[in-house]
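The values are calculated or read from the model by the stated rules, or taken from the named source; none is laboratory data. Quick caveat, the model's predicted, so the values are computed rather than measured. Positions of Cβ are backbone-derived with ideal geometry, glycine not excepted, and every protein chain shown enters the neighbour counts. Quick note on the areas: whole protein, heavy atoms, side chains included, nothing else; ligands and nucleic acids left out. Shrake-Rupley method; radii C 1.70, N 1.55, O 1.52, S 1.80 Å.
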Amino acid sequence: IKHQLPHYKEDQLIAICDVGASMTTLMILDSGHHIYDTEQSFGGKQLTEAIQHHYQMNFDEAGYAKRHGGLLDGYSKEILVPFSNGLVRELERLIDRYYSSADVKKIDGTGDIQKIDGIVLAGGCSSIDGIADLVSAAFKLPTIVANPFTDMKMSRHIEEGLHNDAPALVIACGLALRKFD
């Protein structure tokens, strides 16, 4: 995934933000090595519940509508924008928590704390249109949506079907690539 970030260099700090159904996890990688992680109770379930209550749907119907569209006018303004802004606030809290953590601070050549150089979004909510741009603007950092299938060769039909689900499959792909001794 690191090669998907523009201008990636080996000595950078990369924040991986995995926004799952009920939990958002922040992992910090320093030169590709895990140095920090933290979690916050926030995820796509809140968006599904907002759809459920606003449109008087059951939870499964709301989840289907969230993934496949077809929601009435006003969805973006009344539900999606507030959720997306809430997601950015949660990411700000997680990243602030990293910067205030005394035991993991990496000091750069000037004696200052090295700042995060890029953000990778993963998890189901990463597929929300425009979320990477919103996060990038909020943090003023290059931000990408993870796609673990970028370098895999597959049928065009499979690739089209995986496009929206790819960020949600990052952990599954990582586990599949693990070696067992």
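Quick one: count up the residues across the stretch 27-81 that are among the polar types (S, T, N, Q) and either loosely packed, with under 11 Cβ neighbours inside 10 Å or part of a strand (DSSP E or B) (or both).
Count: 5.
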Subset of the stretch 16-26, residues outside any strand (DSSP E or B) and open to solvent by 30 Å² or more (accessible area, probe 1.4 Å), comes to Ala21, Ser22, Met23
Within the stretch 8-15, is even one residue assigned to a loop (DSSP other than H, G, I, E, B), more than 18 Å from Ile116 (Cβ to Cβ) and either in contact (Cβ under 8 Å) with a residue 24 or more places away in the chain or open to solvent by 30 Å² or more (accessible area, probe 1.4 Å) (or both)?
no
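Every residue, every condition in (1) at pLDDT 90 or above; (2) among the acidic types (Asp, Glu); (3) farther than 19 Å from Ile131 by Cα, yes or no:
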site	(1), (2), (3)
Leu5	no, no, no
Lys9	no, no, yes
Leu13	no, no, yes
Met23	yes, no, no
Ser31	no, no, yes
Asp37	yes, yes, yes
